[in-house]
Amino acid sequence: MTWFSDETLSFLRDLSDNNSRDWFQVNKPRYEAHVKDATAHFTNALNQRLAATYATDVKSRIFRMHRDLRFSKDKTPYNTHIHIGIADAQTGASWMVGLQTDHLVVGYGIFAFEHEALDHWRETVAGPQGEILLELNAHAVSAGLRISDPELKRIPLAWDADHPSGELLRRKGIVWWNDHVPQNEIMGPDAPDIIASELKPMEPLRGWMKLALGAPV
């Protein structure tokens with residue numbers, strides 16, 4: 001069984017320097033062993049850890065190495081990172097793992113709520129639960145986590161421009177990130193347990209989502 005290793009990072013760095021289809025085809029055996037297979041093994045193991053820890057159903061998504069070039073000025077054909085999302089059935093949010101050539105990041109949240117879920121989010125954070133989440137966010141930042149920026153410059157017109165939860169109302173999604181996980185923690189057979197523990201600081205956001213937003217429709 002293949003796990004993430006220095007060979008994984010070596011492939012990603014080499015791909016970054018040689019981002020072409022010809023190079024990729026020549027080096028496809030390296031990709032298959034040290035990226036594709038390693039990602040599948042790691043993701044399956046992490047799925048099991050998270051499902052057991054949080055008593056939830058999970059569904060994983062491994063993002064493709066091939067880039068969608070249709071609307072991009074950058075025509076390099078491949079991503080040079082590994083991104084994994086593991087959906088949490090109890091909240092509709094996802095645990096996230098991103099391995100890049102020079103760092104590792106983990107997170108939890110929702111990039112963009114669906115239309116009805118976004119309406120529910122806004123109604124919820126406009127009330128007392130918004131104050132609770134603002135406090136949780138402040139504690140998370142103090143603990144070294146990073147929170148995705150609000151997508152809107154202005155508060156939606158249905159609420160006062162000086163609403164105390166304006167920062168939350170300007171959001172279309174929310175993700176807590178930990179940018180400080182040592183890259184070597186994702187290497188080897190112990191990685192699923194280690195990364196699962198690195199995701200524990202996200203529990204306050206997950207708990208708030210379960211209580212305040214409820215199960216996804």
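The values are calculated or read from the model by the stated rules, or taken from the named source; none is laboratory data. As the structure is a computational prediction, the values presented were derived from the model and not from experiment. FYI the Cβ positions are ideal-geometry reconstructions off the backbone, even for glycines, and counts take in every protein chain you see.
Which residue out of 4, 11 is surrounded by 19 or more Cβ atoms within 10 Å (Cβ to Cβ), in a helix (DSSP H, G or I), within 25 Å of the chain's Cα centre (by Cα) and among the aromatic types (Phe, Trp, Tyr)?
From the options 4, 11, the qualifying one is 11.
This table checks each residue for (1) loosely packed, with under 14 Cβ neighbours inside 10 Å; (2) closer than 22 Å to residue 51 by Cα; (3) of a type outside the set (Asp, Glu); (4) out of contact with any strand residue (DSSP E or B) (no Cβ under 6 Å at 6 or more places or on another chain).
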site	(1), (2), (3), (4)
159	no, no, yes, yes
165	no, no, yes, yes
171	no, no, yes, yes
185	no, yes, no, yes
189	yes, yes, yes, yes
197	yes, yes, yes, yes
204	no, yes, yes, yes
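Condition check ((1) of a type in the set (A, V, I, L, M, F, W, C); (2) touching a residue at least 12 places away in the same chain (Cβ under 8 Å)) across all residues:
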{"position": "27", "(1), (2)": "no, yes"}
{"position": "40", "(1), (2)": "yes, yes"}
{"position": "47", "(1), (2)": "no, yes"}
{"position": "53", "(1), (2)": "no, yes"}
{"position": "73", "(1), (2)": "no, no"}
{"position": "94", "(1), (2)": "no, yes"}
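Hey, among 82, 155, which residue is touching a residue at least 12 places away in the same chain (Cβ under 8 Å), over 27 Å from residue 198 (Cα atoms) and not charged (D, E, K, R)?
155
Within segment 46-68, work out how many residues are assigned to a loop (DSSP other than H, G, I, E, B) and either under 24 Å from residue 102 (Cβ atoms) or small (Gly, Ala, Ser) (or both). I'd like the intermediate steps shown before the answer.
Step one: of segment 46-68, the residues assigned to a loop (DSSP other than H, G, I, E, B) are 55-57, 63-65, 67-68.
Within this subset, residues satisfying the condition of being either under 24 Å from residue 102 (Cβ atoms) or small (Gly, Ala, Ser) (or both) are 55, 63-65, 67-68.
Residues that pass the stated criteria total 6.
Taking residue 98 as meeting all but one of (1) over 30 Å from residue 190 (Cα atoms); (2) without any contact (Cβ under 8 Å) to a residue 24 or more places away in the chain; (3) not hydrophobic (A, V, I, L, M, F, W, C), write down the number of the exception.
(1)
Quick check: anything in segment 58-73 modelled with pLDDT of 95 or more and either of a type in the set (Ser, Thr, Tyr) or exposed (fewer than 13 other Cβ atoms within 10 Å of the Cβ) (or both)?
Yes; the residues of segment 58-73 include at least one that is modelled with pLDDT of 95 or more and either of a type in the set (Ser, Thr, Tyr) or exposed (fewer than 13 other Cβ atoms within 10 Å of the Cβ) (or both).
Before we move on, is residue 185 farther than 21 Å from residue 88 by Cβ and in contact with an Asp or Glu (Cβ under 8 Å, 6 or more places away or on another chain)? Before you say what the answer is, go through the steps one by one.
Values: farther than 21 Å from residue 88 by Cβ: yes; in contact with an Asp or Glu (Cβ under 8 Å, 6 or more places away or on another chain): yes.
Yes; evaluated as a whole, the condition is true for this residue.
Can you tell which of 91, 76, 43 is assigned to a loop (DSSP other than H, G, I, E, B), buried (at least 17 other Cβ atoms within 10 Å of the Cβ) and touching a Ser or Thr at 6+ places or on another chain (Cβ under 9 Å)?
91 is the lone residue from the list that is assigned to a loop (DSSP other than H, G, I, E, B), buried (at least 17 other Cβ atoms within 10 Å of the Cβ) and touching a Ser or Thr at 6+ places or on another chain (Cβ under 9 Å).
Being farther than 25 Å from residue 191 by Cβ and either among the β-branched types (Val, Ile, Thr) or assigned to a helix (DSSP H, G or I) (or both) is the filter here, so list the residues in segment 14-23 that pass it.
Initial filter on segment 14-23 (farther than 25 Å from residue 191 by Cβ): 17-23.
17, 21, 22, 23, listed by residue number.
Determine if segment 173-181 includes at least one residue that is touching a residue at least 24 places away in the same chain (Cβ under 8 Å), crowded, with 20+ Cβ neighbours inside 10 Å and assigned to a helix (DSSP H, G or I).
no
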